[in-house]
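Student: Here it is, the structure, as structure tokens.
FYI, it's all coordinate maths here, none of it is from the lab. In this text, all values refer to a predicted model and were calculated from it rather than measured experimentally. Methodologically, a virtual Cβ is constructed for each residue, glycine included, from the backbone with ideal geometry; neighbour enumeration extends over all protein chains shown.
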Amino acid sequence: MRSHTGVFVGNLVFIAVCLSAAPFFLLVGYFGWSDHPGWDWPAMMIALGLGGTVMIPVVAITATRQGYPRITRRDRVKGGTSRCPDDTFVMWAPRSQQGPARARLVRADVLEASLARYNPDGESTFTTHYGDYTPDEFTPLIRLRLRVRDAEETDGTAGFEVTGEWRVPSLCLSAITAGRLVVLVDDLATPGARRTVTPDWSRSNLLAGTRTCRVIDLEGRTTDVTGRVDRQLGQMRISREVGAVAMNGDTIDLRRLDPHTAARYAALADRDRALPEERAPVSEPGEEARRLADQLPGERAAFGSVGRRWSRRGGALALGRFLEMRARTTFQDHGPVLDTVLRVQPADGTPPFDATRRLTVPMDYLTVLHRTKEVVLVASPNGVSYDVDWARTSLLAGITAAKVITPDGRELLLTERPDTVWALMNLLASHGLSNPSPVLDLRKSRMRAAAGILMDVCA
């Protein structure tokens, strides 16, 4: 990961070359004014040159802020934190196709998934599209094999299978990895005819558990229904019949609905209390057959690089958690640019704070949002700024398996051990040891001094 200074210097040099005519105009105007004071053209040249020269650092600073994921005091939410609980996650994804009016809303299990095509031409630049849609060139085409369940069937044994290719908004990729989708099925009257299956990607995020969901009943009690698949499907069917039900963040307040709709929601809640539903697993069985993280672009996972000066001055790693993501119409090849809200937990133990920041979020990270919303932050020694480290974040999220090679040559896989990976990252940072790879080889000479304490963490 390039440093903030390195990115700024690179932008400054590039913009200075692009606007190199501005200082030239300034010099020509200055000498012209000296020889011909009061003439109009030297004054015009000075104005153009001065304006262009001033724009060089201004544009460089703006470009660096846009491209480098740094959180500063200006990004903090007023008041420190919002009222959202720590486990809240709100996602504003693009609208899905509505499907035929007579289509039924049912669940579909993802049996297999693979990347069919994703080939944008934007390189690493920012590309903005206007209008409320997601352009195909920045929307991966995914080949899916689905088992579509009947509306009344719950054990997954009935229904039918369908295979096809669908454009999947990047914000909704985690629903595929989780293995639970919401689809609209058009039941044709002609026996044996092929039924049309239309995935509802926004609702799929809810069913997959990526987006949290709470319900406030008529008595003011709040219930978390995240992961309660049957109840959520019932709520979605009611919402579709009445023409959508507004969610305030991740919460549906029955006191704000019309009496008839509120009563239908309340009936679902009563049935859930009478026969409590177990929460669905984080991911359905067979995740390896639908894993897309390895097929999509993103930051290469690693234990991370460490600046020795940063480490000696007391720099540390910190954790942040996404509370909100909102889709925009700007994209980069390796991920969409999103408006996000992050809750930052400072490394020094001070109270957490929320920050709003526009970030490019890698696509491979978006595929595991149903499992984790945490990001690794590199805190400055004075605690003023925090840089999002996507390489460490990818490793902590399990996009790439972390591995430790012990001094005696044994290999230890740290799959499903994020606490251990996080502890190793912190120890490496505190000792000033860089390891820009997902494999931590303790046999290397530079690791010998800290090998003992690193091995204690892995035990």
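Student: Rounded, prolate or oblate: which one fits the stretch 382-459, using the alpha carbon gyration tensor with axes a ≥ b ≥ c (rounded when a/c is under 1.5, else prolate when a/b beats b/c, else oblate)?
Tutor: Values: a/c = 1.98, a/b = 1.31, b/c = 1.51.
Here the stretch 382-459 falls in the oblate category.
Student: Tally Lys and Arg at +1 and Asp and Glu at -1 over the other residues with C-beta under 15 Å from the C-beta of ARG117: what net charge comes out?
Tutor: Values: positive: ARG143, ARG167; negative: ASP121, ASP136, GLU137, GLU165, ASP333.
Once positives and negatives cancel, what remains is -3.
Student: Using only the Cα atoms of the chain, what semi-axes does the equivalent ellipsoid have when each is the square root of 5 times a gyration tensor eigenvalue? Give whole Å, largest first.
Tutor: Details: eigenvalues 399, 196, 101 Å².
Each semi-axis is √(5λ); the values are 45, 31, 22 Å.
Student: Using only the alpha-carbon atoms of the stretch 315-428, report the extent along each of the three principal axes, biggest first, to the nearest angstrom.
Tutor: Between the extreme Cα coordinates on each principal axis of the stretch 315-428 lie 51, 33, 21 Å.
Student: In addition: If you line up the long axis of helix 229-242 against the longest principal axis of the chain, both from Cα atoms, how many degrees apart are they, to the nearest 10?
Tutor: It is inclined by approximately 90 degrees.
Student: Where in the chain lies the longest segment free of GluC sites (Glu not before Pro) that are both loop residues by DSSP (not H, G, I, E, B) and have at most 16 other Cβ atoms within 10 Å?
Tutor: Values: sites that count: GLU123, GLU152, GLU153, GLU219, GLU277, GLU278, GLU416.
In short, 279-415.
Student: Could you work out the longest stretch of the chain that avoids the trypsin sites (Lys or Arg not before Pro) located in DSSP loops with at most 14 other Cβ atoms within 10 Å? If you can, show how the numbers build up before the last one.
Tutor: Numbers: sites that count: ARG2, LYS78, ARG83, ARG95, ARG102, ARG194, ARG195, ARG221, ARG279, ARG313, ARG410, ARG443, LYS444.
Longest run free of exposed loop sites: 314-409.
Student: With point charges of +1 on the Cβ of Lys and Arg and -1 on the Cβ of Asp and Glu, referenced to the Cα centre of the chain, which listed residue (ALA274, VAL225, TRP310) lies farthest in the positive direction of the dipole?
Tutor: TRP310
Student: On to the next question. When a footprinting reagent is the concern and you count Cβ atoms within 10 Å, what order do CYS172, CYS213 take, fewest first? Display every interim value, and only then the final one.
Tutor: Values: CYS172 27, CYS213 23.
Fewest to most other Cβ atoms nearby, the residues stand as CYS213, CYS172.
Student: In addition: What dipole magnitude, in Debye to the nearest 20, does the stretch 294-450 give about its Cα centre under +1 on Lys/Arg Cβ and -1 on Asp/Glu Cβ? Could you put the intermediate results ahead of the total?
Tutor: Values: 21 positive and 16 negative charges, 106 e Å.
Using Cβ point charges on Lys, Arg, Asp and Glu, the stretch 294-450 gives about 500 debye.
Student: Also, I was wondering about something else. Angle check, please: helix 40-67 long axis (alpha carbons) against the longest principal axis of the chain (alpha carbons), in degrees 0 to 90, nearest 10.
Tutor: Between the helix axis and the principal axis of the chain, the angle is about 40 degrees.
Student: Helix 259-274 versus the longest principal axis of the chain: what is the Cα-based angle in degrees, 0 to 90, to the nearest 10?
Tutor: It is inclined by approximately 80 degrees.
Student: Kindly work out what percent of the DSSP beta bridges joining two residues of the stretch 92-290 are antiparallel, to the nearest 5.
Tutor: Numbers: 30 of 33 bridges.
Looking only at bridges with both residues in the stretch 92-290, the antiparallel portion is about 90 percent.
Student: A further question follows. In debye, nearest 20: dipole of the chain around its Cα centre with unit charges on the Cβ of K, R (+) and D, E (-)? Walk me through the numbers before you get to the answer.
Tutor: On the way: 58 positive and 53 negative charges, 186 e Å.
About 900 debye.
Student: Along the charge dipole of the chain, Cβ charges K/R +1 and D/E -1, which of LEU292, THR198, GLY6 sits furthest on the positive end?
Tutor: Comparing the listed Cα positions along the dipole, GLY6 ranks first.
Student: Positive end of the dipole of the stretch 302-424, charges at C-beta (+1 Lys, Arg; -1 Asp, Glu), about the Cα centre: which of LEU323, LEU359, PRO336 has its Cα farthest in that direction?
Tutor: LEU359
Student: I would also like to ask the following. How big is the dipole moment of the stretch 401-459 about its Cα centre under a simple scheme where the beta carbon of each Lys and Arg is +1, that of each Asp and Glu is -1, and everything else is neutral? Debye, nearest 20, please. Before the final figure, lay out the partial values.
Tutor: Working: 7 positive and 6 negative charges, 50 e Å.
The dipole magnitude comes to about 240 debye.
Student: Would you mind calculating the relative contact order of the chain from Cα pairs under 8 angstrom and at least 6 residues apart, reporting the percent as a whole number?
Tutor: On the way: 889 pairs, mean separation 73.7, N = 459.
That works out to 16 percent.
Student: Then there's this: Below 10 angstrom from the Cβ of ILE405, what's the summed charge of the other residues (Lys, Arg +1; Asp, Glu -1)? Walk me through the numbers before you get to the answer.
Tutor: Working: positive: LYS403, ARG410, ARG443, LYS444; negative: ASP408, GLU411, ASP441.
Cβ neighbours under 10 Å give a net charge of +1.
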